[in-house]
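A short worksheet on the structure shown next.
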Amino acid sequence: MDFRIPFNRPCLAGNEYKYIAQAIANGHASGDGPFTRKCHELLERELDGPRVLLTTSCTHALEMAALLLDCSPEDEVIVPSFTFVSTANAFALRGSRLVFADISPDTLNLDESRLEALITPRTKAIVVVHYAGVSCDMDSILATASRHGVRVVEDNAHGLFSRYKGTYTGRFGCLATLSFHETKNFTCGEGGALVINDPAFVERALIIREKGTNRSQFFRGQVDKYTWVDIGSSYLPSDLLAAFLLAQLEAREEIQRKRRRVWEYYWQHLHALARENNVRLPVVPPKCEQAYHMFYLILPSLECRQALITHLKEQGILSVFHYVPLHLSTMGMKFGACECPVTEDLSSRLLRLPFYNDLTKDDQAHVVGAVEEFFGRN
């Protein structure tokens, strides 16, 4: 079905076609070409110092993180139940036991107040997700992790260029991951990146990313030939994708300006309706600067959410729910029973409104009007 207003629409920043043509003309369309290096340099500079490696997806960046931490069947890894399956899959692939954490009712991020009770002597890592580009309470999480000698990994798929107390998300854990999927603020269709904050991981990350070979050392002249030295896979994106991504990253200020306008329009025009109809809007704590990744409503009930999705669909508007709790999934239940009541409640009532860079005010007015009409009838 074609929608007048889709949930997402990939948007060009301006130089994508030009850069792709240059990448082809360069004669280096495979991984780690000139545009990949430019993306690395831009991200490392803007994020103030980490090593950044582009990957074929955020999923693959998470898999690299699990490999770098040497996760094994003897380990436990804490992950929020309210997240995309990739957050958990990366560590399950290493045989680690997943321990699902509940979320805070305000930000929908991992509930730091319940974290310590989940840690055991087998805990290898805590994986946090900055939901909707709003940071977790990193002070509390890092303090808890430090007390127990546990590593922290940030799944920052939603939050590139968001901040917590002035510091960019993705700069708190030993490792962090980014997504450049077409639904994200900056995109190349499919893509991701591994952010390496602990320099001890850099050399092995380069090896894992190159199929387990020391090929990068060969290209740097450090060895006279390269060979297989570790486990790994092919995590390098094509330089064509990096060319597309560079155009997006260079336009980051304009893209974020557009997304902020979209987010603030929804907030301004739905705030009164939400207050009058027991609907909750996103919460952004004062210590957080969000990424303007999405706008969602928490409806009074599952039935209300489903009815609103249907109503919007009838108006040519595609709205969607989000994550189904992982601990209730067929695979998730194999890791044992757990209690995540907030996740179960809020995930059943959350609805995401259309959100993309070029969403016009007229189209947003149509969305808001349709929401108002729904509550006017009910």
Gap in Å between the Cα centre of segment 263-301 and the Cα centre of segment 1-34? 31 Å
Relative contact order in percent for the chain (Cα pairs under 8 Å, 6+ apart) equals 23 percent
Note down the nm distance, to one decimal, between modelled labels 7 Å out along Cα→Cβ at Cys11 and at Val283. 2.9 nm
For Lys313, the lysines lying under 28 Å Cα to Cα, once residues fewer than eight places off in the same chain are dropped, come out as Lys184, Lys258, Lys361
Hey, what angle do you get for helix 361-377 against the long axis of the chain, alpha-carbon based, 0 to 90 degrees rounded to 10? 50 degrees
Please report the net charge: other residues with Cβ closer than 10 Å to the Cβ of Leu54, K and R +1, D and E -1. 0
If I model segment 252-377 as equal point scatterers sitting on the Cα atoms and use the Debye formula, what is log10 I(q)/I(0) at q = 0.10, 0.12, 0.14 Å⁻¹? -0.36, -0.52, -0.68
As an exercise, identify the GluC sites (Glu not before Pro) in segment 335-378 lying in DSSP coil whose Cβ has no more than 14 other Cβ atoms within 10 Å. Glu339
For the chain, what class follows from the C-alpha gyration tensor (a ≥ b ≥ c being the square roots of its eigenvalues): rounded when a/c is under 1.5, otherwise prolate if a/b is larger than b/c, else oblate? oblate
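Going by how many other beta carbons lie within 10 Å of each one, how would you line up Cys58, Cys11, fewest first?
Cys11, Cys58
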From fewest to most C-beta neighbours within 10 Å, the residues His130, His327, His311 line up as His311, His327, His130
Please check which bits of segment 83-118 a label hung off Lys334 would reach, taking the label as a point 7 Å along Cα-to-C-beta and the cut-off as backbone N under 19 Å. 83-101
Burial ordering of Glu46, Glu289, fewest other beta-carbon atoms within 10 Å first: Glu46, Glu289
Cα→Cβ-extended label distance, 7 Å offset, between Gln315 and Ser30, nm: 5.2 nm
Per residue of segment 345-351, in order, report the coupling 6.51 cos²θ - 1.76 cosθ + 1.60 (Karplus, θ = phi - 60°) as ³J(HN,Hα) in whole Hz, putting x for Gly and Pro. 5, 6, 5, 7, 10, 8, 9
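Bear in mind that the values in this text are calculations on the coordinates, not laboratory data. Owing to the predicted nature of the structure, the values given are computational and were not obtained by experimental measurement. Because the Cβ atoms are built from the backbone with ideal geometry, glycine has one as well, and the counts that use them run over all protein chains shown.
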